1. Among the residues of region 166-183, what is the count of those that are modelled with pLDDT of 90 or more and assigned to a loop (DSSP other than H, G, I, E, B)?
2. If GLU235 passes every condition in (1) at pLDDT below 95; (2) out of contact with any strand residue (DSSP E or B) (no Cβ under 9 Å at 6 or more places or on another chain); (3) among the acidic types (Asp, Glu) but one, which one does it miss?
3. So the check is Cβ under 9 Å with 6+ separation or different chains; which pairs have a first residue in region 149-162 that's closer than 13 Å to PHE138 by Cβ and a second one that's in a helix (DSSP H, G or I) and acidic (Asp, Glu)?
4. Within region 66-83, identify whether any single residue is assigned to a loop (DSSP other than H, G, I, E, B) and modelled with pLDDT under 80, and answer yes or no.
5. So which residues in region 209-229 are buried (at least 18 other Cβ atoms within 10 Å of the Cβ) and farther than 13 Å from ILE261 by Cβ?
6. So, in region 84-96, how many residues would count as being part of a helix (DSSP H, G or I) and either in contact (Cβ under 8 Å) with a residue 60 or more places away in the chain or open to solvent by less than 100 Å² (accessible area, probe 1.4 Å) (or both)?
7. Run down ASN43, ASN38, ASN27 and say which single residue is in a helix (DSSP H, G or I), open to solvent by 30 Å² or more (accessible area, probe 1.4 Å) and touching a strand residue (DSSP E or B) at 6+ places or on another chain (Cβ under 9 Å).
8. Does ILE134 count as surrounded by 17 or more Cβ atoms within 10 Å (Cβ to Cβ), closer than 30 Å to HIS296 by Cβ and among the aliphatic types (A, V, I, L, M)?
Amino acid sequence: MGSIYKPKDKKHWYISFIDPDTGKPKNRSTGLLAIPQNRKKANQILQEVEEVITDKKNLYKNNNINRATIGGAFESFLILNKKKHPKTIEDYKRFINLFSISFDLNSPCTVINKLSAESWISNLEDMERSINTIYNYFKVFNKFLNFLFEYNYVPLFKINSQLKPKPEVKDIIVFKEGDLKVLISELNTKNSNFRTVMLLMIYTGLRPSDIYKVEVKDLDFDNMMMKYYSQKIKEHKSVPLHEDLRIILKDRVDEVKTGQIFNYATYAEIGKAFRRYLKKLNLLNKGYTLRTFRKHFATMAYEADVNIVSTSKLIGHKNISTTLKYYTNAKQKKLSDDVNKIKVPSI
């Protein structure tokens, strides 16, 4: 039950009660002067507040709603996802920083309802950010929202599909034939550490995060297989290696003897080295990144008529649709060749 009191340094009656949203004590002024004549009115205000509290308690009890602040729930969300990639965790933190502009993180989770959630999503479009940045904010919010639903922090509701941002699928950039020749030929001027990691990405299409920790013991030259751990999907995998890599990798193994094949503390260091290399070759402003190796590999596989299932497994995708959507860059010549394979009876 709540109570009525007058603080020593105040002139009004105050009411004290337990906030049903947070489970913590809360005090509020009635706006009534603390004189005997106003005591009855203050009691009426307290009764009205207690009725609201009772209704909320019943709502939470009937729907098994857990009491927590938005900030507290988000901390639990981070703990649940602590094994995610560091870049993903940074995306989560960027989201909550933006979210906190509209929602007080000390407020109860229940302030997030269908109306307030849809209003926040609508306001995303007014941001001066790229389409995909806006989409990423929405994607994290949707993930956080599903977490709130699953752990009964808020009652379940459905977001209007018309409000959901759509990602922008950008043009797939692959290496131009002449640029790739220059990139490969000039590798002879580089040390074996950089040369080998570049060629391994060209011949496998694997992520730099997949290969930078590969060790000598992970290479099986008899079967031309390589074991690696995918930080992206948190799985240990094996992949067959192109025969052209045999001599290149053996030379590198002979050099390092044991332990990790590459001398990179993080895969981000590979990206920095690659950008310096592109600058040296005057290829810096063509949109090439380490992801280009992955896209180019998938494109080469497509043009060589490699089965899409095989391509997906080779580059470590969990879903073939990802390979189809983002990495298959069907060139006009290949399409022309394919269309002419179709046999139609003569007129």
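The values are calculated or read from the model by the stated rules, or taken from the named source; none is laboratory data. As the structure is a prediction and not an experimental result, all values here were calculated from the model. Note: ideal-geometry Cβ built from the backbone for every residue, glycine included; neighbour counts use all protein chains shown. Remember, those area values only see protein heavy atoms, side chains included, never the ligands or the DNA or RNA. Shrake-Rupley method; radii C 1.70, N 1.55, O 1.52, S 1.80 Å.
1. 2
2. (2) is the only condition that GLU235 fails.
3. Here the result reads ILE159/GLU118; ASN160/GLU118, each pair linking region 149-162 to a residue that is in a helix (DSSP H, G or I) and acidic (Asp, Glu).
4. Yes, because at least one residue in region 66-83 is assigned to a loop (DSSP other than H, G, I, E, B) and modelled with pLDDT under 80.
5. Once the filter is applied, which keeps residues that are buried (at least 18 other Cβ atoms within 10 Å of the Cβ) and farther than 13 Å from ILE261 by Cβ, region 209-229 yields only SER209.
6. Within region 84-96, residues that are part of a helix (DSSP H, G or I) and either in contact (Cβ under 8 Å) with a residue 60 or more places away in the chain or open to solvent by less than 100 Å² (accessible area, probe 1.4 Å) (or both) number 9.
7. The conditions single out ASN43.
8. Yes, satisfied.
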